[in-house]
1. Scan region 169-193 for residues that are among the charged types (D, E, K, R), modelled with pLDDT of 95 or more and either within 16 Å of HIS134 (Cβ to Cβ) or within 8 Å of the ligand (Cβ to nearest atom) (or both) and jot them down.
2. Is one or more of the residues making up region 146-154 within 14 Å of the ligand (Cβ to nearest atom), outside the structural domain of PRO88 (by TED's automatic domain parsing) and either surrounded by 14 or more Cβ atoms within 10 Å (Cβ to Cβ) or closer than 20 Å to LEU65 by Cβ (or both)?
3. So, of the residues in region 155-181 that are farther than 25 Å from LYS67 by Cβ and assigned to a loop (DSSP other than H, G, I, E, B), which turns out to be most open to solvent (accessible area, probe 1.4 Å)?
4. Report the residue count in region 223-241 for those that are over 11 Å from the mean Cα position of the chain (by Cα) and not in a loop (DSSP other than H, G, I, E, B).
5. Kindly check whether there is at least one residue in region 31-38 that is closer than 30 Å to GLY208 by Cβ and outside the structural domain of VAL207 (by TED's automatic domain parsing).
6. Name the residues in region 145-197 that are of a type in the set (Ser, Thr, Tyr) and free of Cβ contacts under 8 Å to residues at least 40 places away in the same chain, would you?
7. Looking only at residues in region 90-116 that are part of a strand (DSSP E or B) and touching a strand residue (DSSP E or B) at 6+ places or on another chain (Cβ under 6 Å), which one is most open to solvent (accessible area, probe 1.4 Å)?
8. Could you list, in sequence order, all residues of region 60-90 that are closer than 24 Å to LEU7 by Cα, in contact (Cβ under 8 Å) with a residue 40 or more places away in the chain and in contact with a helix residue (DSSP H, G or I) (Cβ under 9 Å, 6 or more places away or on another chain)?
Amino acid sequence: MQIQDILFSQGFGTRRICAGLIQQGFVAVGHEIIAEPAMEFIAEGLRFSVQGVEWPYVEKAYLMLHKPAGHECSQKPGMYPSIYTLLPAPIRQRGGGAAAGVQAVGRLDQDTTGLLLLSDDGKFIHRMSSPRHHVPKVYEVTAKHPVDDAQIQKLLKGVVLDDDPKPVRAAACRQTGASQLSLTLTEGKYHQVKRMLAAVGNRVEEVGGLHRSQIGALVLPGDLLPGQWRWLSTDDLQAIAATPAAV
Ligand code: URA
């Protein structure tokens with residue numbers, strides 16, 4: 001594949017812009033500057049750099065973001081900055097066109113922090129967000145009021161939310177502090193944790209009350225700080241599909 005097409009496929013702009021980056025000497029493979037836009041490379045497994053920043057060639061992009069508070073998971077946010085502003089431009093522009101770039105797999109509320117997956121693989125996004133697949137997600141909850149055993153039993157047995165007569169239940173619920181819970185859900189209904197806590201007579205604390213720590217068996221890495229992102233490895237992708245031992 002020509003290096004200009006590789007850059008184009010990875011979100012570095014139109015073919016003309018990509019050819020320009022190459023002709024200006026901004027693109028290297030290994031330590032060698034590539035000045036010829038039509039030079040051929042095997043794309044699979046290629047690592048290249050643009051203006052000193054190294055990139056892997058990826059046919060489809062799979063990443064995790066440590067979502068910070070005060071960001072909306074929308075491309076067109078209303079009140080707060082979008083999580084997409086936390087990603088480098090090529091990742092936001094992959095594929096070109098109107099529906100370009102990676103998309104979040106489901107959404108977290110603006111005040112929720114933690115593990116968020118993003119991809120430009122439509123099938124992956126669909127599989128991960130489909131209610132039929134029941135991928136367990138673990139939320140660390142700080143409640144406004146102390147948690148008691150009756151609340152935990154109700155969350156495990158199932159509570160009825162206002163938009164559906166069918167009860168929703170936590171797949172697992174463990175008390176981790178006087179007002180803290182680790183709650184595992186296998187659906188992704190709108191404001192589900194907040195509404196479930198309200199349904200048992202408690203409330204999620206407004207500031208720092210909700211954090212997603214795990215999806216499937218993939219745990220948010222301790223060294224991935226709020227606002228940082230990283231590529232998912234093959235092991236991470238397998239972990240997402242695996243059910244955590246706790247469920
Ligand atoms: N449940 C909520 O209430 N909010 C989130 O952001 C995620 C799950």
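1. So the first thing to find is which residues in region 169-193 are among the charged types (D, E, K, R), and the list is 169, 174, 187, 189.
Next, from what is left, pick out any that are modelled with pLDDT of 95 or more: 169, 174.
Passing the criteria: only ARG169.
2. For region 146-154, residues within 14 Å of the ligand (Cβ to nearest atom), outside the structural domain of PRO88 (by TED's automatic domain parsing) and either surrounded by 14 or more Cβ atoms within 10 Å (Cβ to Cβ) or closer than 20 Å to LEU65 by Cβ (or both): absent.
3. Within region 155-181, the match that is most open to solvent (accessible area, probe 1.4 Å) is ASP162.
4. Final tally of qualifying residues: 8.
5. Scanning region 31-38, I find no residue that is closer than 30 Å to GLY208 by Cβ and outside the structural domain of VAL207 (by TED's automatic domain parsing), so the answer is no.
6. Those that are of a type in the set (Ser, Thr, Tyr) and free of Cβ contacts under 8 Å to residues at least 40 places away in the same chain: THR176, SER179, TYR190.
7. Looking only at region 90-116, we keep the residues that are part of a strand (DSSP E or B), and these are 103-104, 113-116.
Checking which are touching a strand residue (DSSP E or B) at 6+ places or on another chain (Cβ under 6 Å) leaves us with 104, 113-116.
Numbers: ALA104: 17, THR113: 34, GLY114: 0, LEU115: 0, LEU116: 0 Å².
Per the criteria, the residue is THR113.
8. LYS60, ALA61, TYR62, LEU63, MET64, LEU65, PRO90
The values are calculated or read from the model by the stated rules, or taken from the named source; none is laboratory data. Please read all numbers here as calculations on a predicted model, not as lab measurements. Neighbour counts are summed over all protein chains in view; Cβ atoms, including those assigned to glycine, are modelled from backbone coordinates with ideal geometry. The area values use the complete protein model at the heavy-atom level, side chains included, leaving out ligands, DNA and RNA. Shrake-Rupley method; radii C 1.70, N 1.55, O 1.52, S 1.80 Å.
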